[in-house]
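Visitor: Here you go, one structure.
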Amino acid sequence: MRWLIPCALIAVLSAAPASAEPHNLGRLHNEARPTAQSVKLALDPTQENFSGSTHIDLAVSAAVDTFQFNLRTLTLTGLALKDSKGKTIATTWTPAPYDRVTVKPAKALKPGKYALDVAFNGPFDTKAQGLYRLKAGDDWYAFTQMESDDARQSFPCWDEPEFKIPWTLEITAPKSCVVVGNTPVAKTEPAGDQNRVTFEKSPPMPSYLVAFMVGPFESAPIPGMKIPARIYTVKGQIGMTGTAAEMTPQILAAVEKYFGSPYPYAKLDLIAVPEYNWGAMENPGAITFAERVLVMDPKAATDQQRLILAVDIAHELAHMWFGDLVTMEWWDDLWLNESFAEWMGNRITDEVYPKFNIPLSLVQDVQRAYREDNHTSTHAMRQPVNENTNLQQLADVLAYQKGESVLDMIENWIGPETFRKGVLAYLEEHKWKNARGDDLWNALSKAAGKDLTPLMTSYLDQPGVATVMAEVSGTSVKLSQRRYVSFGEPDATPDQRWTIPMVLRFSDGTKTYTQRVLLTEASQTVALEPAITPVWLHPNADEVGYYHWNVTPEMMAALSGPARATLSDRERLGLIMNLGTLLQ
């Protein structure tokens, strides 16, 4: 998922039957968990309501006397539980807190395989959440937006990212409608004045990535692709999608090259949505975009519009591997999905379209994260999530811009090839499964041959941003860190420390040198290599590190004067931005 800005807990198993009452993380127990799910829906966007049924294969790993699934705004019209031999098990079901239904079998379920069938109906949403409908021109359309916890108002399910399973969709809709889903259409059968469209079974996905759209769409193929690919719009818009069709093959090829593997899904559709809360959403095989991003008049489009489109396409395609192929186990690692996709989206856009000068714009972008992180009221980038919190409270500038900057800093610290090696190892180990942030640190640490956990946790698990003071004395430099606070604000955390991977750039007036320093203490004195007395020293070479910096007035004058012609574009811009921060 991307903002439109230019820009498990595992339950303890025991011999006794487990209770499915809400527990301390507000998450479903997993003793009874789905292994596959098929959903049948009757959808007519001209109507206010829809109906459906779902079949869920269950695996019970420990005896349970109750289990729960998620449901919101829907009405259950039937529920049947069967054992592995197809014998019906008597049950009752009741509503429960946290958008849940509690199912109670007549007798405790023993470990084994079961099947749950549920019939339901409910209203289309009208606020661009879950399964919703909207009118564009004279026609009605249905779209989905499931992240983070809105699949449950589209069909009953285990609506948490940990439950990653194959899905099969069957949608019955008016013959005048086109039906799009995550996977290719397996078959279309007439059903009176409607069509019954069955999609191929998907690879394992969490419920928040299930996507389908119904309406009288226009579409056009995306030329130059190795897989089936199309762009879909509401009526009258398809003629303005040429820019997206032109960009997509080049961007996908660059993403595939970085990941060293082909696109992992059977098709790729880009769908323009007239009413959308986000910039785009990484539904496998059916990526949705805000219409204002995907649709543009090529004769009137600005460079800024093209930049946003390129970055959004690259961001969402990066998610096909980082987020979809490998999925976070729980929402406290949402920042990881978005940080990496933001980092990758900008990297790929710069590779394919260097004219946009992405590296320079990123120096400005990170200032948005600094503005949030500078305040004492900020929060840590990784936060405990005790229930499915509204995604807008999690997907902020810290998850995107700060996270991207931290990843950029780590890549710079251990080297691009080492970083890529760790990322690929992480993806290979966890493909089609779930993973946690720690799994990525372990893979990167193994690739780098050193433990990166202290570095990562210092940036993930504590709020704020460090200011590093660099004071040159002869052939050494004293580096001191403290948390940044604006002028006049009390420093409530004077002992707060980061593990900061710094790269110093300095000059003897003839040559420039760089030196890597890992700042772990409140203050460290470092001997410069080579042992020279620098005429200037920049404490954040190429402005890659996520920290503010300061130097003595004499050194600041040198950086602003004689050194200015030697500094990189990013360093010159960073100098201006950093001075502004120091004045606050």
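Visitor: Whenever you get a sec, line up Ser560, Ser473 from highest to lowest accessible area (probe 1.4 Å, protein heavy atoms). Walk me through the numbers before you get to the answer.
Guide: Numbers: Ser560 45, Ser473 80 Å².
Largest to smallest exposure gives the sequence Ser473, Ser560.
Visitor: Any chance you could check the Cα centroid distance between segment 81-144 and segment 292-361 for me, in angstrom?
Guide: Centre-to-centre distance over Cα atoms comes out at 34 Å.
Visitor: Still on this structure, please answer the following. In Å², what does the accessible area per residue of segment 197-309 work out to with a 1.4 Å probe?
Guide: Solvent-accessible surface per residue comes out at 35 Å².
Visitor: If you don't mind, there's one more thing I want to ask. Would you give the gap between the C-alpha center of segment 496-575 and the C-alpha center of segment 400-454, rounded to a whole Å?
Guide: Centre-to-centre (Cα) distance: 26 Å.
Visitor: Which lysines does Lys511 reach when only Cα atoms under 27 Å apart count, and residues fewer than 8 places away in its own chain are ignored?
Guide: Leaving aside lysines fewer than 8 places away in the same chain, those within reach of Lys511 are Lys478.
Visitor: Please compute the Kirkwood hydrodynamic radius over segment 355-440, one decimal place, Å, based on all pairs of different Cα atoms.
Guide: Hydrodynamic radius (Kirkwood, Cα pairs) of segment 355-440 is 15.2 Å.
Visitor: Below 8 Å, C-alpha to C-alpha, sequence gap of six or more: please give me the relative contact order for segment 72-212 in percent.
Guide: Details: 258 pairs, mean separation 28.0, N = 141.
It rounds to 20 percent for segment 72-212.
Visitor: Along the Cα→Cβ direction, 7 angstrom out, place labels at Tyr98 and Ser480. What is the inter-label distance in nm?
Guide: About 4.8 nm, to one decimal.
Visitor: With a 1.4 Å probe and all protein chains kept in place, how much accessible area does Val352 have, in Å² rounded to the nearest 10?
Guide: 30
Visitor: May I pose another question? Starting from the coordinates of the alpha-carbon atoms of the chain, obtain the Kirkwood hydrodynamic radius over all distinct pairs and give the value in Å to one decimal. Spell out each step's value before the answer.
Guide: Values: mean 1/r = 0.0387 Å⁻¹.
About 25.9 Å for the chain.
Visitor: Taking the Cα atoms of segment 259-378, what is the range of coordinates along each of the three principal axes, in descending order and whole Å?
Guide: Dimensions of segment 259-378 along the principal axes of its Cα atoms: 45, 41, 33 Å.
Visitor: Would you mind listing how long segment 101-231 runs along its three principal axes, going by Cα atoms, in whole Å with the largest first?
Guide: 54, 35, 33
Visitor: Near Lys235, which lysines are there with a Cα under 18 Å away, not counting those fewer than 8 places off in the same chain?
Guide: Lys135, Lys175
Visitor: By how many nm would the segment from Thr533 to Thr46 grow when fully extended, if each residue of separation counts as 0.36 nm and the alpha-carbon distance is taken off? Show your work: numbers first, answer last.
Guide: Values: separation 487, 0.36 × 487 = 175.32 nm, distance 7.57 nm.
Residue separation times 0.36 nm, minus the Cα-Cα distance, leaves 167.7 nm.
Visitor: Rule-of-thumb check for segment 180-223: C-alpha Rg over 2.2 N^0.38 Å? Display every interim value, and only then the final one.
Guide: Numbers: Rg = 12.5 Å, N = 44, 2.2 N^0.38 = 9.3 Å.
Ratio of Cα Rg to 2.2 N^0.38 Å: 1.35.
Visitor: Can you work out D for segment 172-326 in µm² s⁻¹ from Stokes-Einstein, where Rh is the Kirkwood radius over C-alpha pairs, the temperature is 20 °C and the viscosity is 1.002 mPa s? Could the numbers behind the result be given before it?
Guide: Working: Rh = 16.0 Å.
Rounded, D is 134 µm²/s.
Visitor: Right, something else. How big is the charge dipole of the chain about its Cα centre, in debye rounded to the nearest 20, if each Lys and Arg gets +1 on its Cβ and each Asp and Glu gets -1 on its Cβ? Intermediate results must be reported in sequence, preceding the final value.
Guide: Working: 53 positive and 68 negative charges, 209 e Å.
Once rounded to the nearest 20, the dipole reads 1000 debye.
Visitor: Given a cut-off of 20 Å, name the pairs among Lys40/Lys201; Lys164/Lys402; Lys226/Lys267; Lys267/Lys421 whose C-alpha atoms lie farther apart than that in the structure shown. Don't jump to the answer; show the numbers that get you there.
Guide: On the way: Lys40/Lys201 13 Å; Lys164/Lys402 28 Å; Lys226/Lys267 9 Å; Lys267/Lys421 27 Å.
Lys164/Lys402; Lys267/Lys421, as the Cα separations exceed 20 Å there.
Visitor: Still on this model: About the Cα centre of segment 416-510, how large is the charge dipole given +1 on each Lys and Arg Cβ and -1 on each Asp and Glu Cβ? Please answer in debye to the nearest 20. Please report the intermediate quantities before stating the final value.
Guide: Values: 12 positive and 12 negative charges, 50 e Å.
With Lys and Arg at +1 and Asp and Glu at -1, about 240 debye.
Visitor: Sticking with this one: Can you give the accessible area of Ser148, probe radius 1.4 Å, in Å² rounded to 10?
Guide: Answer for Ser148: close to 0 Å² accessible.
Visitor: Beta carbons within 10 angstrom, averaged per residue: use that to sort the peptides 104-113, 571-580, highest first.
Guide: Highest mean packing first, the order is 571-580, 104-113.
Visitor: So what's the convex hull volume per residue for the Cα atoms of segment 526-584, in Å³? Display every interim value, and only then the final one.
Guide: Values: hull volume 5.8 nm³, N = 59.
Spelled out: Cα convex hull of segment 526-584, divided by residues, is 99 Å³.
Visitor: Provide Val210, Val535 ordered by accessible surface of protein heavy atoms (probe 1.4 Å), highest first. Please list the in-between numbers first.
Guide: On the way: Val210 0, Val535 75 Å².
So the residues, ranked largest to smallest area, are Val535, Val210.
Visitor: To the nearest 10 Å², what's Asp438's accessible area with a 1.4 Å probe?
Guide: 70
The values are calculated or read from the model by the stated rules, or taken from the named source; none is laboratory data. Keep in mind that what you see is a predicted model, and the values were worked out from it rather than measured. We place every Cβ from the backbone using ideal geometry, glycine too, and count neighbours over all the protein chains shown. Remember, those area values only see protein heavy atoms, side chains included, never the ligands or the DNA or RNA. Shrake-Rupley method; radii C 1.70, N 1.55, O 1.52, S 1.80 Å.
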